[in-house]
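Input: a single structure, listed below in structure tokens.
The values are calculated or read from the model by the stated rules, or taken from the named source; none is laboratory data. Quick caveat, the model's predicted, so the values are computed rather than measured. When we count neighbours, we look across all protein chains shown, and the Cβ atoms used for this are built from the backbone with ideal geometry, even at glycine.
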Amino acid sequence: MNVKAFSGKKNEKDVAFHLKRAFLDRSDVEVFNDLQIVVDGESAQIDHLILHKYGFIIVESKSVKGEVNVNAHGEWSRSYQGKWFGIPSPIQQAENQQKILGIRIKWLMGLPAPSNP
């Protein structure tokens, strides 16, 4: 495993630990970590899913050294060793994960999936 992947996994474990502690005394909240969902060939890997009777929250963990910038078009970039590189938007990632999770939940409930997810 390279340094970047190792840092990412360590960060996900750290966030999972803090989420577990934050909701330890809450019987009405469930936290799932590193959740894999596949629907019709589309897959989503959700770092952290916080489930409550009123809904859910998707948390996308990132481990970044340096600066992060988001331009007016919503494009994300980060600095590394004095250079800027484009990175995937964690907001867009979470929105895609939410879409796939929503389709899966509807399927589990026996509801029709949207025709254009």
Q) From the residues in segment 69-83 that are over 21 Å from the mean Cα position of the chain (by Cα) and surrounded by 11 or more Cβ atoms within 10 Å (Cβ to Cβ), which one is modelled with the highest pLDDT? A) Ser79
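Keeping to segment 96-112, report how many residues are over 18 Å from Gln36 (Cβ atoms) and surrounded by 13 or more Cβ atoms within 10 Å (Cβ to Cβ).
Step one: filter segment 96-112 for residues over 18 Å from Gln36 (Cβ atoms), giving 106, 109-112.
Filter again for surrounded by 13 or more Cβ atoms within 10 Å (Cβ to Cβ), leaving 106.
Adding up the residues that qualify gives 1.
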(Q) Name the single residue that is nearest to Pro112 (Cα to Cα) among those in segment 34-48 being among the β-branched types (Val, Ile, Thr) and out of contact with any Ser or Thr (no Cβ under 8 Å at 6 or more places or on another chain). (A) Val39
**Q.** Residue satisfying all of: in segment 37-58; touching a helix residue (DSSP H, G or I) at 6+ places or on another chain (Cβ under 9 Å) and either loosely packed, with under 14 Cβ neighbours inside 10 Å or not hydrophobic (A, V, I, L, M, F, W, C) (or both); farthest from Gln97 (Cα to Cα) among these
**A.** Asp40
Q. What is the number of the single condition among (1) over 22 Å from Asn2 (Cβ atoms); (2) within 16 Å of the chain's Cα centre (by Cα); (3) at pLDDT 95 or above that Gly102 does not meet?
A. (3)
Q: Quick one: in segment 63-117, of everything that is among the polar types (S, T, N, Q) and in contact with a Phe, Trp or Tyr (Cβ under 6 Å, 6 or more places away or on another chain), which residue is farthest from Asp14 (Cα to Cα)?
A: Ser77
Q) Hey, any hits in segment 50-68 for a residue that's at positive phi, of a type outside the set (A, V, I, L, M, F, W, C) and under 18 Å from the mean Cα position of the chain (by Cα)? A) yes
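Which of the residues belonging to segment 22-36 are over 13 Å from Val59 (Cα atoms) and surrounded by 10 or more Cβ atoms within 10 Å (Cβ to Cβ)? Reasoning before the result, please.
Within segment 22-36, the subset over 13 Å from Val59 (Cα atoms) is 22-30, 36.
Once the filter is applied, which keeps residues that are over 13 Å from Val59 (Cα atoms) and surrounded by 10 or more Cβ atoms within 10 Å (Cβ to Cβ), segment 22-36 yields Ala22, Phe23, Arg26, Val29, Glu30.
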